[in-house]
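Following: one structure in structure tokens, then a few remarks.
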Amino acid sequence: MSSASSPLPTYQDADLRRVLGVVAHPDDMEYGGSAAVARWTAQGAEVSYLLLTAGEAGMRSRSPEEAADIRAEEQRRACELVGVSDLVILDLPDGTLEASLDARRQIARRIRQLRPEVVLTQTWELKVSWGLNHADHRATGLATLDAVRDADNPWVFPELLDQELLEPWAVGELLVFGSAPTHVIDISGEPLQQGLASLEAHEQYLAELGGAAETRQMLESMAAEQAADLPGVDHALGVAVHRMN
């Protein structure tokens, strides 16, 4: 959260052209990140999502197979609402995800395929503003951080170059949402509304958790708090920006 005496700088995103979002589960991007994505796609950027799991362990009333199908369909709808057409869902295990070499390899592969300027992911910190962070979220953040470096190193996962002909790629910045922010992204107006609509697209999943109303209110409140010191900005997303090259 910013302070009245020293508001956080606004992240300069006008020239963004390609972004990759990496998260653990369907709905993870929708907890704030998708509002920034709506802003970027409206500005002409191409944004892709990579989900490490199908979220198959997330619905107690449904079998993992049924839950995976439901959540993939809801994620596709959420993507459409913020201008994302490129969605890849991996089959790593929901609930027992690890920041493994395999996870790093698969993320690095997607980075080399897409060649994004920016990668957006979720925080790997244990303690977050809403409590204790989920194990899969922490594993995803760490695996993504490492994979950004792996993607630029020809001697790590050399088979990506030797067998798949994927040249190393240097991501310029890693953006992390959910951690202590260094910058804010203006999501006032339509981006916020599109982001909230994308969250509500996870209708059956949120119903399993008790409904979307409380979550929507929480996100709006957090976004308003992040924008408290910014003239002309009603809602903002705080991100930690890490220069990677």
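Applying the Karplus parametrisation 6.51 cos²θ - 1.76 cosθ + 1.60 with θ = phi - 60° to the phi angles of region 213-221, what ³J(HN,Hα) value in whole Hz is obtained for each residue in order, glycine and proline being reported as x?
4, 5, 5, 4, 4, 4, 5, 4, 5
Which FRET efficiency value, to the nearest 0.05, do you get for Asp162 and Gln193 by plugging their Cβ-Cβ distance into 1/(1 + (r/R0)^6) with R0 = 45 Å?
0.45
Obtain the radius of gyration and the Kirkwood radius of the chain from its C-alpha atoms and give Rg over Rh.
Value, to two decimals: 0.95.
By the scheme Lys and Arg +1, Asp and Glu -1, what is the net charge of all other residues having a beta-carbon under 10 Å from that of Leu97?
With Lys, Arg at +1 and Asp, Glu at -1, the neighbours total -2.
Please report the base-10 log of the normalised intensity I(q)/I(0) for region 38-113, using a Debye sum with one equal scatterer per alpha carbon and no solvent, at each q in 0.18, 0.27 (1/Å).
Rounded to two decimals, the profile gives -0.82, -1.18.
Accessible area per residue of the chain at 1.4 Å probe, in Å²?
Computed with neighbouring chains in place, this is 46 Å² per residue.
Carbon and sulfur together cover what percent of the accessible area of region 150-195 at a 1.4 Å probe radius?
C and S fraction of accessible area: 56 percent.
Arrange the residues Trp130, Trp124, Trp155 by how much accessible surface each exposes, largest first, with a 1.4 angstrom probe.
Trp155, Trp130, Trp124
Please find the FRET efficiency linking Leu90 to Lys127, where r is the Cβ-Cβ separation and R0 is fixed at 22 Å, and quote it to the nearest 0.05.
The calculated FRET efficiency here is 0.20.
Please give the charge dipole size of region 28-119, origin at the Cα centre, charges +1 on K and R Cβ atoms and -1 on D and E Cβ atoms. Round to the nearest 20 debye.
That gives a dipole near 380 debye.
In whole Å, what are the Cα extents of region 171-220 along the three principal axes, biggest one first?
Between the extreme Cα coordinates on each principal axis of region 171-220 lie 37, 22, 20 Å.
About its Cα centre, what dipole magnitude does the chain give when the only charges are +1 on Lys and Arg Cβ and -1 on Asp and Glu Cβ, stated in debye to the nearest 20?
That gives the chain a dipole magnitude of about 480 debye.
Report the calculated FRET efficiency for Ala224 and Asn153 (r = Cβ-Cβ distance, R0 = 45 Å), to the nearest 0.05.
Efficiency at R0 = 45 Å is approximately 0.65.
Multiplying the sequence separation of Glu66 and Trp169 by 0.36 nm and subtracting their Cα-Cα distance, what value in nm do you get?
Stretched out fully, the Glu66 to Trp169 stretch lengthens by 33.4 nm.
Sorting check: for 235-245, 211-221, which peptide has the highest mean count of neighbouring beta carbons within 10 Å, and how do the rest follow?
Descending packing order for the listed peptides: 235-245, 211-221.
The values are calculated or read from the model by the stated rules, or taken from the named source; none is laboratory data. Bear in mind the structure is a predicted one, so any value in this text is a computation, not a measurement. As a convention, Cβ positions derive from the backbone with ideal geometry for all residues, glycine included, and neighbour counts pool all protein chains shown. With ligands, DNA and RNA removed, areas are computed over all heavy atoms of the protein, side chains included. Shrake-Rupley method; radii C 1.70, N 1.55, O 1.52, S 1.80 Å.
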